[in-house]
1. Within the stretch B:146-177, how many residues turn out to be in contact (Cβ under 8 Å) with a residue 24 or more places away in the chain, over 23 Å from B:R122 (Cβ atoms) and facing chain A (nearest Cβ under 9 Å)?
2. Name the residues in the stretch B:95-130 that are outside any helix (DSSP H, G or I) and within 30 Å of B:N174 (Cβ to Cβ), would you?
3. What tally of residues in the stretch B:138-153 results from selecting those that are part of a helix (DSSP H, G or I) and modelled with pLDDT under 95?
4. Return the residue satisfying two criteria in turn: it lies in the stretch A:1-21 and is more than 10 Å from DNA strand C (Cβ to nearest atom) and over 28 Å from B:N104 (Cα atoms), and of such residues it is most open to solvent (accessible area, probe 1.4 Å).
5. Is there a residue in the stretch B:102-116 that is free of Cβ contacts under 8 Å to residues at least 24 places away in the same chain and either open to solvent by less than 50 Å² (accessible area, probe 1.4 Å) or closer than 17 Å to A:L163 by Cβ (or both)?
6. Somewhere in the stretch B:45-54, is a residue in a helix (DSSP H, G or I) and open to solvent by 50 Å² or more (accessible area, probe 1.4 Å)?
7. Which residues, counting only those in the stretch B:5-21, are assigned to a helix (DSSP H, G or I) and either near DNA strand D (Cβ under 9 Å from one of its atoms) or modelled with pLDDT under 95 (or both)?
8. Given B:T76, B:T24, which one is within 27 Å of B:Y125 (Cβ to Cβ), open to solvent by 30 Å² or more (accessible area, probe 1.4 Å), within 14 Å of chain A (Cβ to nearest Cβ) and assigned to a loop (DSSP other than H, G, I, E, B)?
Number of protein chains: 2
Amino acid sequence: MKTISRKEEIIATATRLFYEKGYTAVSMRDIATAMDIKAASLYNHIKSKQEILSEIILKVAKEFTDGMVSVVTENTSAIKKVEKVIELHIDITVNHSEALAALNNDWMHLEEEDLEAFVKMREDYEENFRIIIKQGMDAGEIKSYHPEVILFSILSTLRTLYLWYQKRGKVDVNILKKDMVSVLIKGIV
Amino acid sequence: MKTISRKEEIIATATRLFYEKGYTAVSMRDIATAMDIKAASLYNHIKSKQEILSEIILKVAKEFTDGMVSVVTENTSAIKKVEKVIELHIDITVNHSEALAALNNDWMHLEEEDLEAFVKMREDYEENFRIIIKQGMDAGEIKSYHPEVILFSILSTLRTLYLWYQKRGKVDVNILKKDMVSVLIKGIV
DNA sequence: GTCTATAAAGAGATAGAC
DNA sequence: GTCTATCTCTTTATAGAC
């Protein structure tokens, strides 16, 4: 049993609304109304609308970054690493599906250091994935297509998984992992 | 040489801005400033901001719908049809890359009949793709994974192609088609 | 911790001059 | 076809009472 603070409640409500309509289309009034309070009351718990967006996006972005670092430093085959990355995405999708809408579509509305931090994390993430794929090609585990096509093809599927996961009414995670790994990997091996 | 009307110019400008920041984050003043005129002048050519969004999204949505209908009614193998669908997406991406941002991210801001029309087109499109995949499974051309996983996996890659196409600085279309078909098809055959 | 009231800025859209 | 001026509404955010 964990207690949820008022601030966390605001962020959870905002996350859901941002998922439905996007950051700019959701007003502070919308968030407050959904919580049955007035917009002014929100400012007792958070500093600004911007802060809400930052908390939603950066928290999940850090999970991706940490997960990827842990995968890339493992001492296993490239294919095994790709599998782990797929599983990482599925786990995060299952736990934070609504936050991924903001991460994918509203990151450009971050400001200053938050924007910089996010862009850097995303670039590092892609670069690590690229390294894994090239490692797999060098080892003869992965077919030598254009590496960017493989990178993009897998990543775009994983990044939009949250849209599909919501719609399908939450498939069993283990079945999802198995099928997803098959479809995405068997294509490049 | 085709002359571009003022209305088309407005739509082209809005398309670019919507691509960069999203529909709700772009104001009529933003569009006007980018064209070096005043916001009020826009209304001599268009009825509302909504109308701009509709024109951008529905035009491209119709291209997808028409293209898919023409593919699905062809008398060829399922695999050949999947190839044609991939090529359809690549052609539309090349010609309307910026409009695809609005189509993917801002369709929920359409109103009334436009929203209904769009949702119906998208559902029909997915259903036709589903039919092709099932046809391929029945014929033994496509591996019997969960059909929704295959559908989602290919479609999510194709739908976000516009993000990647912009970033890569416009790869040669024929090379893109060949590699994309390989990566996406060889995975399911 | 929530409220009312309100400030200050910006939104979409219209009227009417030129 | 574009302009200035303006209307009306909504936005984020703050001040201060309770």
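1. Selection size over the stretch B:146-177: 1.
2. The answer is B:S97, B:E98.
3. Here the count works out to 7.
4. A:M1
5. yes
6. For the stretch B:45-54, residues in a helix (DSSP H, G or I) and open to solvent by 50 Å² or more (accessible area, probe 1.4 Å): absent.
7. B:R6, B:K7, B:E9, B:I10, listed by residue number.
8. Sole residue among the options that is within 27 Å of B:Y125 (Cβ to Cβ), open to solvent by 30 Å² or more (accessible area, probe 1.4 Å), within 14 Å of chain A (Cβ to nearest Cβ) and assigned to a loop (DSSP other than H, G, I, E, B): B:T24.
The values are calculated or read from the model by the stated rules, or taken from the named source; none is laboratory data. On a predicted model such as this, the values are computed, not experimentally measured, just so you know. So basically every Cβ, Gly included, is an ideal-geometry build from the backbone, and we count neighbours across all protein chains shown. Ligands, DNA and RNA are excluded from the accessible area calculation, which covers all protein heavy atoms including side chains. Shrake-Rupley method; radii C 1.70, N 1.55, O 1.52, S 1.80 Å.
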